[in-house]
1. Have a look at Ser126, Ser155, Ser92, Ser80 and point out the one that is buried (at least 24 other Cβ atoms within 10 Å of the Cβ) and farther than 25 Å from Ile41 by Cβ.
2. Which of the residues that make up the range 159-210 are surrounded by 19 or more Cβ atoms within 10 Å (Cβ to Cβ), farther than 28 Å from Asp81 by Cα and of a type in the set (A, V, I, L, M)?
3. For Pro215, all conditions in the list (1) farther than 30 Å from Lys268 by Cα; (2) at pLDDT 75 or above hold save one; what is the number of the exception?
4. Of all residues in the range 363-419 being farther than 21 Å from Phe65 by Cα and among the charged types (D, E, K, R), which is nearest to the chain's Cα centre (by Cα)?
5. Suppose we filter the range 325-340 for residues that are in contact (Cβ under 8 Å) with a residue 40 or more places away in the chain and in contact with a Gly (Cβ under 8 Å, 6 or more places away or on another chain); how many remain?
6. On the basis of being touching a residue at least 60 places away in the same chain (Cβ under 8 Å) and in contact with a Leu (Cβ under 6 Å, 6 or more places away or on another chain), does Met401 make the cut?
7. How many residues does the range 236-273 hold that are of a type in the set (A, V, I, L, M) and more than 25 Å from Ser321 (Cβ to Cβ)?
8. Could you list, in sequence order, all residues of the range 243-296 that are basic (Lys, Arg) and either within 19 Å of the chain's Cα centre (by Cα) or surrounded by fewer than 18 Cβ atoms within 10 Å (Cβ to Cβ) (or both)?
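The values are calculated or read from the model by the stated rules, or taken from the named source; none is laboratory data. It should be emphasised that the depicted structure is a prediction, and the values quoted were computed from it without experimental measurement. For neighbour counting, all protein chains shown are included, and Cβ atoms are generated from backbone atoms with ideal geometry for every residue, glycine included.
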Amino acid sequence: MSLGVPAPATTAWPPAKRMAVLLALCLVAAINLIDRQLITILLEPIKRDLGASDTMMGLLTGLSFALVYVTAALPIARWSDRGVRRNLIAASVFVWGTMTMLCGLAHSYVQLAAARMGVALGEAGSNPASHSTIADLYPLGRRGAALGMFNAAASIGIGVGLFFGGWLNTHFNWRTVFIIAGAPCLIIALVIRIAMPEAPRGMSESRAASHQPPPLLETLAWLAKLRTFRYLALSAMTCAFVNYGLQIWAATFFIRVHGMSAKEVGMKLGIASAVGLFIGTIGSGTLADRFGRLDIRWYMRVTAAGMLLAMPFGLLALMNSTANASFVYYCVAVGFVSSWASPIHAMTQTITAARMRGMASAIIGFCLNLVGYGLGPLFVGVLNDHLRPTLGVESVRYSLMILLSGCLIAAWVSFSANRTIVLDMIHSTH
């Protein structure tokens, strides 16, 4: 697939064309999270077949995936700022779909870990290119809602992955489930490559972007000078640590503590996750846009408030003795704990220049995936193994309760970003 540089253009697109591209990106986001989240509902059968511990499964679902993801994301993001983002997205979908299918051919823990690393390699190119494209489609004031829609599509992918993963696991073994999930990506990649137009850079600001991005070191130095960007990275890390740790181990919590089958957990948790994440990501982006028109600091206020509210509802979900009530509280908790994504990504795209947006998104992704997706699930897995001799199956409940205390740190960091955001917005426009 060619990743050459298109001719610059700034002619505004009609709303229907912008929406069509946004919907295509939403489809990619949904498929991305289906393939990534599928393993969470399959943890127990994989663990039994491969003889792995919870710590090993935490490494498999978190750190091994995240290390490849973040290592590949920065050079791929540089590619995104230079080339045709549509082609890069199509190539990414093709790679992660192929590697998801290879997960189904794994017959050892090492083979499965290697295939999961391949999935991470493919997925590393999708979000930076998608975020950059959305920023060129929609200006500040509508960008949070657009990114909220993109993140909401990802939440639907999480729900679908859990729902159909649980259903498929009752009819097929876990290896077959991976093959079924990965196959459609090959067709979707071809459709994206052929049918989706490339958005002109700088279109949302009604100005042409430079033909080439500035040198890499200049880009990194410019971003490093922005104190708000550093706060955004730290906020993304702390929020994602709680977010991913909770979501990755939620299915295991319901299976072990409430004695539910994978099929029942997949159905109920899939619905709870999809509804909670959809409302959380759409709602936070829309609220941030609405209040941010009056004061841009509301973007991070929405993030911080969501993390604070996530903690009590998460504790109610974990402490409740009734499974159905626990699902309801979890739905609310996951809505709040996901409220960071849309405002943080919107602010990242807003304070950076058009030809730096892919790199800025990748750096934020580097931080949140390495610490959040990499260490969050691993942290819970290590706690599980440490507490199991004393607490047995209840260990996962108390591990997740300890994890939720991180909401307080995440909220404090997010509020702190507003110390610098106004001055850095002025700096970024000069």
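1. Values: Ser126 fails: farther than 25 Å from Ile41 by Cβ; Ser155 fails: farther than 25 Å from Ile41 by Cβ; Ser92 fails: farther than 25 Å from Ile41 by Cβ.
Unique residue meeting the criteria: Ser80.
2. Once the filter is applied, which keeps residues that are surrounded by 19 or more Cβ atoms within 10 Å (Cβ to Cβ), farther than 28 Å from Asp81 by Cα and of a type in the set (A, V, I, L, M), the range 159-210 yields Val160, Leu162, Leu168, Val177, Ala181.
3. Failed condition: (2).
4. Filtering the range 363-419 for residues that are farther than 21 Å from Phe65 by Cα and among the charged types (D, E, K, R), the one nearest to the chain's Cα centre (by Cα) comes out as Arg397.
5. Step one: of the range 325-340, the residues in contact (Cβ under 8 Å) with a residue 40 or more places away in the chain are 326-328, 330-340.
After this cut, where a residue has to be in contact with a Gly (Cβ under 8 Å, 6 or more places away or on another chain) as well, the list is 330-340.
Qualifying residue count for the region: 11.
6. Numbers: touching a residue at least 60 places away in the same chain (Cβ under 8 Å): yes; in contact with a Leu (Cβ under 6 Å, 6 or more places away or on another chain): yes.
Yes: the conditions hold for Met401.
7. So in the range 236-273, the residues of a type in the set (A, V, I, L, M) come out as 236-237, 240, 242, 246, 248, 250-251, 255, 257, 260, 262, 265, 267, 269, 271-272.
Now restrict to residues that are more than 25 Å from Ser321 (Cβ to Cβ): 236-237, 240.
Total satisfying the criteria: 3.
8. At the first step, the residues of the range 243-296 found to be basic (Lys, Arg) are 256, 263, 268, 290, 293.
Result: Lys263, Arg290, Arg293.
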